[in-house]
Amino acid sequence: MAAADPPLPLRATVTRAQQRAFAAQGYVPLAGLWGRALAEAVAEEGRRRHAVAEVPRGGPRTPVPARRVPRRATPAASGPLLARVHLALVGAARALTGRLLVPTFAAYGYYEGDDEVFLHVDTEQCDLTLLTVAFGEVGPLHVHPGLIGSTMERLGELEGDPGWDRTGGIRVTYPDTGVTALNGHVLPHHRPGSPRPGLHAVAALCYRSLF
């Protein structure tokens, strides 16, 4: 029988202030969940797994605007270390939301040349989305509380509208050794996109509520 993996060095505690912030605004940074050693191990796995990354089936999560063409698709890949982090953060995810969440999927999403993300909400598998930069550098995510309740079609229309201010919304960054927790299936978000030479990756960990 193979030896079990040792516990990950996580400090996955959630404060009441973080619980209140997430309930009020739909996002909150959770910094200091792990140290540099684990961050470097995740970065190493993320770089290695790029070789097997594929564009997820089903295409983009939001309709492609008729007047805009994405610069590139976003390939993704999973990894055993990321899967362990995903499971290890279940307790923190439940404590933050007060909901019985279960893990659904975790993946590295790769960006090469730019970091654009179209305006969208996450799938129903992502009642809670935890996001962190695995390696490289990406710009802030822009969240849009004023668009909560919009259909995917409406979000696609905004993306295709040349008059829509792509610099708007609330800018949210990711902690170096932690995650930003996002009410991903409810809170619309995007990244305007800017030139990013080289390869970069964001790790997304999703959880679904059983009730």
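A few points about this structure:
- If you go through segment 107-158 and pick out every residue that is more than 20 Å from Ile170 (Cα to Cα), in contact with a Ser or Thr (Cβ under 6 Å, 6 or more places away or on another chain) and of a type in the set (Gly, Ala, Ser), you end up with 2.
- Filter result for Leu130 (surrounded by 19 or more Cβ atoms within 10 Å (Cβ to Cβ), modelled with pLDDT of 95 or more and in a strand (DSSP E or B)): yes
- Enumeration of residues in segment 187-203 that are closer than 18 Å to Tyr108 by Cα and among the aliphatic types (A, V, I, L, M): Leu199, Ala201, Val202, Ala203
- Those residues of segment 157-203 which are outside any strand (DSSP E or B) and open to solvent by 50 Å² or more (accessible area, probe 1.4 Å), in sequence order: Glu157, Asp161, Pro162, Gly163, Asp165, Thr167, Thr173, Asp176, His185, Val186
- Every pair of residues 6+ apart whose Cβ atoms lie under 6 Å, when the first sits in segment 161-181 and is without any contact (Cβ under 8 Å) to a residue 24 or more places away in the chain and over 16 Å from Val138 (Cβ atoms) while the second is among the hydrophobic types (A, V, I, L, M, F, W, C) and crowded, with 16+ Cβ neighbours inside 10 Å: Trp164/Leu158
- Just one of the listed residues (Ala53, Ala76, Ala43) is surrounded by 15 or more Cβ atoms within 10 Å (Cβ to Cβ), modelled with pLDDT of 95 or more, farther than 21 Å from Leu141 by Cα and touching a strand residue (DSSP E or B) at 6+ places or on another chain (Cβ under 8 Å), and it is Ala53.
- When Arg208, Arg154, Arg191, Arg171 are screened for being farther than 23 Å from Glu40 by Cβ, among the basic types (Lys, Arg) and within 12 Å of the chain's Cα centre (by Cα), only Arg191 passes.
- Unmet requirement for Leu81, which otherwise passes all of (1) over 13 Å from the mean Cα position of the chain (by Cα); (2) not in a helix (DSSP H, G or I): (2)
The values are calculated or read from the model by the stated rules, or taken from the named source; none is laboratory data. From a predicted model like this one, the values you see are computed outputs, not experimental measurements. Cβ: placed from backbone, ideal geometry, glycine included. Neighbour counts: every protein chain shown. When the accessible area is computed, the model is the full protein with side chains, heavy atoms only, and any ligands, DNA or RNA have been set aside. Shrake-Rupley method; radii C 1.70, N 1.55, O 1.52, S 1.80 Å.
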